[in-house]
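Quick notes on the structure that follows.
The values are calculated or read from the model by the stated rules, or taken from the named source; none is laboratory data. In this text the structure is predicted, and so the values were computed from the model without any measurement. Positions of Cβ are generated from backbone atoms using ideal geometry, with glycine treated the same way; all protein chains shown enter the neighbour counts.
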Amino acid sequence: MSVLTFTDRGIHCEAGDFFVDPWRPVARALLTHGHSDHARAGMGSYLSTDIAAPVIRHRLGPIRLDTIAYGEVRRIGGATVSFHPAGHVPGSAQIRIEVAGEAWVVSGDYKVVDDGLSTPWEPVRCHAFITECTFGLPVFRWPAQDELRADINAWWAANASAGRFSLLGAYSLGKAQRLMSLLDPAIAPILTHGAVEGTNAVLRAQGIALPDTVQVTPGTDLKALSGAMVIAPPSALNSTWARRFGDASTAVASGWMALRGIRRRRGTDRGFVVSDHADWAGLNLAIRETGAERVFATHGYTSAFRRWLEEQGFEAGIVSTDYAGDEVFAADEAPRDIIDEDAGAGEAP
Ligand SMILES: [Zn+2]
Ligand SMILES: [Zn+2]
């Protein structure tokens, strides 16, 4: 019996009778984190880290949710389960599942760089590793966080001195808070879209420190706030909501900005290359550190990445899942022209 199998409902552990991040209703779901493609409604019961739980409750409403701390070991049926930091967003976890002495790890989404907000990623030793590979091509290389901080603040300061708003598109859980933590509050106030502020409130209530922000409402006196930074979900940048800021400078922060032409296609003035997923080097580092012999790729450039893994001597396979990738693009907006399509579901290595 395999520790995990890949089904059309999600990644299944038969020994423990549970699923990891299922996308169809199941009795028992273990969640890696609160992003909507991983944490879905309709499960009989849920298990997540204690740090991820408030956002999951905020998004899914009243659910049966049990929590577990990083590193805590729990027995579920015939499986031994533990959650380990994935460094993706606050509370995100890699889930280690051991059955009869064989350990598998489901990475969820992860990044190996410390963003200053999420519990930093830790390597987890295992026999088989199921890795996301959203950005699994060598072209994806993230600038250092200090460089990113300097670039964003320089862009903001230039706009502020011209009396213009800076509109920055970032998804509302994780990236928005990470970027706001990099901002220099001496430049001007930080304003937020309601979707971002809702998540901010949940994170602050659980003790995660964030800079002061002001939610934009119909009554907000924008004249008194010119030069402010406005953080909103990317979809809001091209909406009527954004028009109230007049002649603002717009930017999107995403790993996809590493691709030529993407910023232009989005119609923004600036693109910052930043992601809460691992870049090419990060993926390779993480995989080596697990010590795994078998690696399954999911969530991204899976075919190319599988070939690469095989060239490196791994037993490699592809898992077809229903996860969305970097949320800055809706599924139909992602740059499909260079995405290598997923191969068949549950293909064995
Ligand atoms: Zn995610
Ligand atoms: Zn994801």
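Here are the numbers:
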{"quantity": "Answer from A103, A93 - the residue that is more than 29 Å from L179 (Cβ to Cβ) and touching a residue at least 60 places away in the same chain (Cβ under 8 Å)", "calculated": "A103"}
{"quantity": "Hits in region 1-53 (condition: of a type in the set (F, W, Y) and under 22 Å from the mean Cα position of the chain (by Cα))", "calculated": "F6, F19, W23, Y46"}
{"quantity": "Strands (runs of 3 or more DSSP E) lying entirely in region 100-210 (those with 2 or more residues that are in contact with an Asp or Glu (Cβ under 7 Å, 6 or more places away or on another chain), among the hydrophobic types (A, V, I, L, M, F, W, C) and within 21 Å of L30 (Cα to Cα))", "calculated": "none"}
{"quantity": "Counted residues, region 91-114 - those being surrounded by 24 or more Cβ atoms within 10 Å (Cβ to Cβ) and out of contact with any Pro (no Cβ under 9 Å at 6 or more places or on another chain)", "calculated": "9"}
{"quantity": "Only listed residue being over 30 Å from I187 (Cβ atoms) and over 17 Å from the mean Cα position of the chain (by Cα), chosen from I56, I130, I152, I97", "calculated": "I97"}
{"quantity": "Every pair of residues 6+ apart whose Cβ atoms lie under 7 Å, when the first sits in region 113-131 and is under 18 Å from G71 (Cα atoms) and without any contact (Cβ under 8 Å) to a residue 40 or more places away in the chain while the second is surrounded by 18 or more Cβ atoms within 10 Å (Cβ to Cβ) and not charged (D, E, K, R)", "calculated": "P120/P85; P120/G87; E122/H84; E122/P85"}
{"quantity": "Residue count, region 231-251 (criterion: over 21 Å from the mean Cα position of the chain (by Cα) and of a type outside the set (G, A, S))", "calculated": "8"}
{"quantity": "Of all residues making up region 1-57, the number that are surrounded by 18 or more Cβ atoms within 10 Å (Cβ to Cβ), part of a loop (DSSP other than H, G, I, E, B) and among the polar types (S, T, N, Q)", "calculated": "1"}
{"quantity": "Subset of region 58-69 [surrounded by fewer than 20 Cβ atoms within 10 Å (Cβ to Cβ) and of a type in the set (A, V, I, L, M, F, W, C)]", "calculated": "L60, I63, L65, A69"}
{"quantity": "Single match in D332, D276 (criterion: under 30 Å from R164 (Cβ atoms) and either crowded, with 17+ Cβ neighbours inside 10 Å or at pLDDT below 95 (or both))", "calculated": "D276"}
{"quantity": "Test result for S181, more than 18 Å from G116 (Cβ to Cβ) and among the small types (G, A, S)", "calculated": "no"}
{"quantity": "Check on V124, more than 16 Å from ligand 2 (Cβ to nearest atom) and under 23 Å from D322 (Cβ atoms)", "calculated": "no"}
{"quantity": "L237 vs. criteria over 28 Å from S320 (Cα atoms) and at pLDDT below 95", "calculated": "yes"}
{"quantity": "Selection from region 159-171 of residues that are buried (at least 24 other Cβ atoms within 10 Å of the Cβ) and of a type in the set (G, A, S)", "calculated": "S166, G169, A170"}
{"quantity": "Positions within region 38-52 being over 21 Å from T119 (Cα atoms) and within 15 Å of ligand 1 (Cβ to nearest atom), in sequence order", "calculated": "R40"}
